[in-house]
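As C-alpha cells, the structure follows; a few thoughts come after it.
The values are calculated or read from the model by the stated rules, or taken from the named source; none is laboratory data. Please read these numbers as outputs of a predicted model, since none were measured by experiment. When we count neighbours, we look across all protein chains shown, and the Cβ atoms used for this are built from the backbone with ideal geometry, even at glycine. Quick note on the areas: whole protein, heavy atoms, side chains included, nothing else; ligands and nucleic acids left out. Shrake-Rupley method; radii C 1.70, N 1.55, O 1.52, S 1.80 Å.
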Amino acid sequence: MKTLIIVSHPDIDESGSQQYLKEALPDSSEITYHHLEATYPDGEIDIEQEQALLQKHDRIIFQFPLYWYSSPPMLKHWLDEVLTENFAYGYGGNKLKGKELGLVLVIGMPEKEYQVGGNEGFSLSALTTPYQAMAQKTQMQFLKPFLIFQFHYMTENEKKRILIAYQQYLMIEKFDTLRAKEAWVLDQMETIDEEMLPAGSSFILDQVKEIIEDNRMELDEIQMYLEQAGGSL
C-alpha cells in the first residue's frame, strides 16, 4: 500500500507538531511526504502533476492544523484546482475510486471542547463533514481521522504514543484493529538491530513477542467460541 501525505501549513518550520510528525515518518518508499506551501510558494499548482501523484497512491492523507474549523487556504486552493470534473468525478472521472482518504488534524483546543455542550459546540465528526462528502463524491473510503489535541501540552510519553499511532495510521490496512496493530509491532521488531541495544534487550524483545503471540492465540480461541455461540468479539 502506497500512502501520500498532503501537508498544508503556511509556516511549517515554526510548527513543533508538524516537525515532530515529519521526523516520525518511517524510511519507506511506500510513503510520500508532500508539503503544498513548499512545493508551490507562488500558489500556481501543477494540476497534471498533482493528479498523477494521487493516482500513484492508495491512501491519501490530508495533514493540517485546524484553522477556523477548516484547513489552511492552500489546501482549499489545491482541492479546487486538482479535484476537477472528469478526473475526480463526473463523466470519465472517478480516477480516485476505491482509494482511501484520511485526515491528520492538529488541534489547539482540548478534546472535551469538541462535543455538544463543549465550548466549540460541534464534534470533529460534524466539522469534517465536507471531507466525508468529498470522499463520497469521489467514491473514496473515508477513514477515521487521526486527531492530535494540544500537542505542546503533551508529555514525552504521550508524544511517543502519538508517534507510534501515526506510523500505524500511515502504513497499515485496518489500522484501528488490534490484530493489525499486533502484526505491525511484530514486523517492526524484526527490523531492530539488536546489536545497537543495551545488553539483555534481546531477552526482553523475545518476551514481548511471546506475550503478543500468546494473547493473539487466546483472543482467536475466544472469537471461535463466540462465533460458535452466535456472537462476536
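Restricting attention to the range 166-189, the residues that are of a type in the set (A, V, I, L, M), part of a helix (DSSP H, G or I), modelled with pLDDT of 70 or more and out of contact with any strand residue (DSSP E or B) (no Cβ under 6 Å at 6 or more places or on another chain) total 1. The single condition among (1) hydroxyl-bearing (Ser, Thr, Tyr); (2) buried (at least 20 other Cβ atoms within 10 Å of the Cβ); (3) farther than 22 Å from Gln19 by Cβ that Thr129 does not satisfy is (2). Do we have any residue at all in the range 31-39 that's surrounded by fewer than 17 Cβ atoms within 10 Å (Cβ to Cβ), among the charged types (D, E, K, R) and either in a helix (DSSP H, G or I) or out of contact with any strand residue (DSSP E or B) (no Cβ under 9 Å at 6 or more places or on another chain) (or both)? The answer is no, given that none of the residues of the range 31-39 is surrounded by fewer than 17 Cβ atoms within 10 Å (Cβ to Cβ), among the charged types (D, E, K, R) and either in a helix (DSSP H, G or I) or out of contact with any strand residue (DSSP E or B) (no Cβ under 9 Å at 6 or more places or on another chain) (or both).
Reported count of residues in the range 51-68, each being open to solvent by 10 Å² or more (accessible area, probe 1.4 Å) and of a type in the set (Phe, Trp, Tyr), is 2. Filtering Lys112, Lys76 for residues that are at pLDDT below 95 and assigned to a helix (DSSP H, G or I) leaves a single hit, Lys112. Within the range 135-152, residues that are closer than 27 Å to Tyr91 by Cβ sit with their Cβ atoms under 6 Å from residues that are assigned to a strand (DSSP E or B), at 6+ positions apart or across chains, in these pairs: Ala135/Leu101; Ala135/Phe142; Lys137/Tyr89; Thr138/Tyr89; Met140/Leu101; Gln141/Glu100; Phe142/Leu101. Pairing residues of the range 83-96 that are outside any loop (DSSP other than H, G, I, E, B) with residues that are open to solvent by less than 40 Å² (accessible area, probe 1.4 Å) and modelled with pLDDT under 95, at Cβ distances under 9 Å and at least 6 apart in sequence or on separate chains, gives Glu85/Gly93. A search for C-beta distances below 6 Å between a residue of the range 101-129 that is farther than 15 Å from Tyr67 by Cα and any residue that is assigned to a helix (DSSP H, G or I) and open to solvent by 30 Å² or more (accessible area, probe 1.4 Å), counting only pairs 6+ apart in sequence or on different chains, returns Gly118/Lys112.
Against the numbered list (1) hydroxyl-bearing (Ser, Thr, Tyr); (2) in contact with a His (Cβ under 8 Å, 6 or more places away or on another chain); (3) surrounded by 19 or more Cβ atoms within 10 Å (Cβ to Cβ), Ser71 comes up short only at (2).
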